[in-house]
Amino acid sequence: MGLVAMKLVFRIAGVGFSLPLQSLIEIREGVDKLGKDHPAAAGGLELRGEMIPLRDLRRRMGLLDLPGDKGKPRALILAGSDGPWSVLVDRVEGIFSADDFKSARLPQAFSGNESRPYDRLEMWRDEPLVVCDVLRLETVWGEDD
């Protein structure tokens, strides 16, 4: 019996995302919000004795005005092309078989030639999720960070 492809479903400000499990290194629970005195406020999170970049998808995806889940967020530590980096998320729904996801078209209003960190949707349990492509996000962040 072969390995079954799996995906992680997570939320930021109520918006659902899917992530291929091979892009995930670790889920860090109970990460403090980024107050000005938090070590990650300088853009990093410690992983095995080294600081790795910590990115804020709320800013990149235009979700700053949407309320997040109550409680402490989690950080997903992701496998980037030049090493691990992390992103804050509000909630992790769980890990599911890739067979539970179906590709969906991005609505015309959101398509175009502009470089975006998202360009695909997937349907999961009758809900559209943004496909989280780690290498694409990494490339887009490199353009203006």
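The values are calculated or read from the model by the stated rules, or taken from the named source; none is laboratory data. Keep in mind that what you see is a predicted model, and the values were worked out from it rather than measured. Side chains are part of the model used for accessible areas, which takes the heavy atoms of the whole protein and leaves out ligands, DNA and RNA. Shrake-Rupley method; radii C 1.70, N 1.55, O 1.52, S 1.80 Å.
Scan the stretch 72-103 residue by residue and report those that are open to solvent by 50 Å² or more (accessible area, probe 1.4 Å) and not in a strand (DSSP E or B).
Listed by number, the residues that qualify are K72, S81, D82, D99, D100.
In the stretch 116-141, which residues are open to solvent by 60 Å² or more (accessible area, probe 1.4 Å) and either modelled with pLDDT of 90 or more or closer than 25 Å to G44 by Cα (or both)?
M123, R125, D126, P128, L135, R136, T139 - these are the residues of the stretch 116-141 that are open to solvent by 60 Å² or more (accessible area, probe 1.4 Å) and either modelled with pLDDT of 90 or more or closer than 25 Å to G44 by Cα (or both).
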